[in-house]
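All remarks here apply to the structure that follows.
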Amino acid sequence: MFSYRLPNGGLVTKTYITPEGQIKFDPPVYEQRYSTTVRIIEDPCWKQPLKKIVDFGCAEVRLLQLIRRIPFVEHILEVDIDADLLKIYQQRAIPLISDYLQKRENPLRVDIMVGSVTDAVEELYDVDVVIALELIEHLHKEELDLVPENIFGFVQPKLAIFSTPNSEFNVLFDGLLENGFRHHDHKFEWTREEFKKWAHDICKKYPNYSVSFMGLGKPPSKNRKLGHSTQMAIFARNDMLGRPLHNEVIKNPPVNPAASYRTVYSVDFPYNKDERSKEQKIIDEARYYISQSRHVPRFFNRERCIYQLPWKSIMEYTISLGGTEKELFDILEANGIKVEGDFIVLPEYDDDDYDDDRGDYDECDDDYWSTTHPPRSDEDLSQLTLDCQLNTSNTSYEADEENWD
């Protein structure tokens with residue numbers, strides 16, 4: 001096992017009982033599952049990048065609307081066995097006008113496919129994250145038994161996120177269905193201990209993985225012993241936790257020749273292809289940082305009449321490009337940017353800060369401007385006002401602009 005908590009304090013949710021005696025969740029539990037999944041994937045704690053995601057049992061393709069906005073994700077597979085359902089909701093993968101107006105920084109391909117969570121197919125090569133929300137309870141035992149082998153033996157993802165109902169919570173619901181479950185297609189609903197045993201058995205069989213648990217849809221305060229409405233297991237490959245792997249990860253293991261996925265819809269999202277070299281990206285970032293930070297009072301050293309900007313503010317970006325501290329210093333030096341200790345050092349003024357008619361003067365002379373530009377008299381200011389052309393029309397140029405929000 002490993003200990004995991006959502007970043008930034010987790011989700012803020014409420015559970016309450018209506019006057020009619022029904023239990024309600026705010027936000028709804030399905031939204032809590034989606035938000036939690038996205039925040040897990042976006043969490044900077046993971047030790048390796050997460051670029052390819054498969055969402056098994058995607059059904060109405062709702063989760064795609066959130067995970068496609070994760071900036072570092074480059075390939076999403078939306079997989080379900082119901083071809084008719086995927087055809088109805090495939091339009092949810094179509095890029096919006098806003099995707100063309102504000103393009104991504106990284107490429108993104110979305111494939112909507114008919115297939116099973118038990119099929120070992122080539123399309124699942126190099127998947128970093130497996131998502132299976134409220135899926136396993138829809139599987140017959142013989143299908144469920146095949147899931148661990150396909151996910152943890154064949155796909156070998158860096159993360160796998162499973163959720164399923166907590167049957168102990170069912171006593172708080174008004175009317176379960178005739179099968180005794182929350183949904184007509186559920187084959188079972190597990191207690192918390194049953195779910196934990198399933199997850200721990202997976203980690204024993206596949207020791208490259210550790211698991212952590214959390215609950216969603218919290219119970220009313222007087223029913224805390226029942227646990228949450230939904231239980232979630234987060235499987236992390238040990239190298240994502242900084243732990244050694246027990247077995248080598250197999251690259252492109254043999255597929256099942258009898259299995260296949262069928263594509264319903266595929267699309268590549270528009271993005272800005274950045275063809276700059278690494279060196280150019282770093283110097284552009286440095287120049288932008290300098291332009292934004294120059295003349296900020298807290299960076300000004302009054303004794304030396306210079307600005308001192310911490311260069312470590314650029315280091316995180318440099319590392320994200322695979323650069324080193326030495327590379328950053330070499331690039332700054334090659335472009336005439338001076339570094340002293342922990343700081344980029346800049347003069348108080350650049351040549352562009354002066355007008356030709358101002359002549360030479362001591363940059364630290366605070367009296368210079370007042371002696372060469374004496375204060376205007378009230379009469380001068382009145383005349384200046386008369387000389388100005390004021391816009392007294394009712395025209396509002398802002399109102400004429402189209403609102404793209």
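The values are calculated or read from the model by the stated rules, or taken from the named source; none is laboratory data. All values derive from a computational prediction rather than experimental measurement. Cβ coordinates were reconstructed from backbone atoms using ideal geometry, including for glycine residues, and neighbour counts include every protein chain displayed. Heavy atoms of the whole protein, side chains included, go into the accessibility calculation; ligands, DNA and RNA do not. Shrake-Rupley method; radii C 1.70, N 1.55, O 1.52, S 1.80 Å.
Full extension of the segment from residue 313 to residue 247, taken as 0.36 nm per residue of separation minus the current Cα-Cα distance, would add 19.9 nm.
Extending 7 Å from Cα along the Cβ direction at residue 105 and again at residue 342 yields two label points whose distance is 2.6 nm. Can you bin segment 278-347 into rounded, prolate or oblate? Criterion: square roots of the alpha carbon gyration tensor eigenvalues sorted a ≥ b ≥ c, rounded for a/c under 1.5, prolate for a/b above b/c, oblate for the rest. It comes out prolate by the Cα gyration axes.
From the P(r) of segment 228-309, can you give the percent of Cα pairs sitting at distances over 21 Å? Within segment 228-309, distances greater than 21 Å cover 74 percent of Cα pairs. Can you compute the label reach from residue 239? Point 7 Å from Cα along the Cβ direction, backbone N cut-off under 13 Å, restricted to segment 155-172. Only 156-159 fall inside the zone, counting backbone N under 13 Å. Starting from the Cα gyration tensor of segment 120-277, take the square roots of the eigenvalues, sort them a ≥ b ≥ c, and report rounded, prolate or oblate (rounded when a/c is under 1.5, otherwise prolate if a/b is larger than b/c, else oblate). Since a/c reaches 1.5 and a/b is larger than b/c, the shape of segment 120-277 is classed as prolate.
Each of 234, 138, 335 was scored by the projection of its Cα onto the charge dipole of the chain, and the greatest displacement toward the positive side belongs to 138; charges sit on the C-beta of Lys, Arg, Asp and Glu. Between residue 266 and residue 98, full extension at 0.36 nm per residue minus the direct alpha carbon distance yields a gain of 58.6 nm. Calculated mean residue ellipticity, 222 nm, the chain: -7000 deg cm²/dmol, from DSSP H runs (n ≥ 4) at -39500 (n - 2.57) each, averaged per residue and rounded to 500. Rolled with a 1.4 Å probe across the full set of protein chains, the surface gives residue 15 an accessible area near 30 Å². In a DSSP loop and with at most 11 other Cβ atoms within 10 Å, the GluC sites (Glu not before Pro) in segment 173-251 are 178, 248. When the charge dipole of the chain is built from unit charges on Cβ atoms (+1 for Lys and Arg, -1 for Asp and Glu) and taken about the Cα centre, the candidate among 308, 148, 67 whose Cα reaches farthest toward its positive end is 148.
For segment 1-117, the Kirkwood estimate of the hydrodynamic radius, built from every pair of different alpha carbons, is 16.4 Å. Note on residue 43 and residue 305: the model spin-label points, each 7 Å out from Cα along the C-beta direction, lie 5.4 nm apart. Rounded to the nearest 20 debye, the dipole size of the chain about its Cα centre is 3220 debye, using +1 on the Cβ of Lys and Arg and -1 on the Cβ of Asp and Glu.
The average projected area of segment 39-170, computed from the convex hull of its Cα atoms over all directions, is 9.5 nm². Pairs of lysines in segment 168-245 whose Cα atoms sit within less than 26 Å of one another amount to 14, provided the residues are eight or more positions apart or on different chains. Residue separation of residue 20 and residue 276 scaled by 0.36 nm, minus their Cα-Cα distance, works out to 85.9 nm of gained length. The GNM of the chain, with springs linking C-alpha atoms under 10 angstrom apart, assigns the highest mean-square fluctuation among 217, 242, 341 to 341. In summary, the convex hull built on the alpha carbon positions of the chain has an orientation-averaged projected area of 32.6 nm². Note on residue 205 and residue 13: the model spin-label points, each 7 Å out from Cα along the C-beta direction, lie 2.9 nm apart.
Between segment 220-276 and segment 36-109, the C-alpha centres lie 12 angstrom from each other.
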